[in-house]
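Asker: Below are the structure tokens for one structure; questions will follow.
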Amino acid sequence: MKARFSHAFGQVVQRTRRALGLSQEKFAELVDAHRNYIGLLERGECGISLDFAEELARALKQPLDALIRDALHQWDAVPPRARQRRRSRKRTV
């Protein structure tokens, strides 16, 4: 399975949430989301908007750029061949 940046970001969110002693359920309440969605996000199985990422950062009491920076450091540790990037779909006319 190839790694994705969303997985690295999700791991940073999870690590920060746990450091604050927040359960997924309590964290989900703080950001007005479902607990299952938080699980998907932490496993990198879904993407999120920048607006929601900012909401997550506020709930985690961290600047968004710090969360992204941590995720980038983790992402940089992944060998380039193991990275998965989204490819644009070719449009057929």
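The values are calculated or read from the model by the stated rules, or taken from the named source; none is laboratory data. Please read all numbers here as calculations on a predicted model, not as lab measurements. A quick note on method: Cβ atoms are made from the backbone with ideal geometry, for glycine too, and the neighbour counts reach across all protein chains shown.
Asker: Report, by residue number, each residue of the range 19-38 that is outside any helix (DSSP H, G or I) and within 25 Å of residue 75 (Cβ to Cβ).
Answerer: Scanning the range 19-38 gives 20, 22, 31, 33.
Asker: Applying the selection to the range 15-32, what residues are surrounded by fewer than 17 Cβ atoms within 10 Å (Cβ to Cβ) and over 13 Å from residue 57 (Cα atoms)?
Answerer: 18, 19, 21, 23, 25, 26, 29, 32
Asker: Taking residue 81 as the residue in question, decide whether it is assigned to a helix (DSSP H, G or I), at pLDDT below 80 and of a type in the set (Lys, Arg). First the steps, then the outcome.
Answerer: Details: assigned to a helix (DSSP H, G or I): yes; at pLDDT below 80: yes; of a type in the set (Lys, Arg): yes.
Considered against the rule, which asks whether it is assigned to a helix (DSSP H, G or I), at pLDDT below 80 and of a type in the set (Lys, Arg), residue 81 comes out as yes.
Asker: Quick check on the range 17-33: of everything there that is in contact with a helix residue (DSSP H, G or I) (Cβ under 7 Å, 6 or more places away or on another chain) and not charged (D, E, K, R), which residue is nearest to residue 64 (Cα to Cα)?
Answerer: Across the range 17-33, the extreme among qualifying residues is 31.
Conditions tested, residue by residue: (1) outside any loop (DSSP other than H, G, I, E, B); (2) closer than 23 Å to residue 77 by Cα; (3) free of Cβ contacts under 8 Å to residues at least 24 places away in the same chain.
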position	(1), (2), (3)
10	yes, yes, no
17	yes, yes, no
44	no, yes, no
65	yes, yes, yes
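Asker: Related question: Picking from 40, 60, 22, which residue would you name as being at pLDDT 95 or above, of a type in the set (A, V, I, L, M, F, W, C) and more than 15 Å from the chain's Cα centre (by Cα)? Before the answer, list the steps.
Answerer: Working: 40 fails: more than 15 Å from the chain's Cα centre (by Cα); 60 fails: more than 15 Å from the chain's Cα centre (by Cα).
Result of the check over 40, 60, 22: 22.
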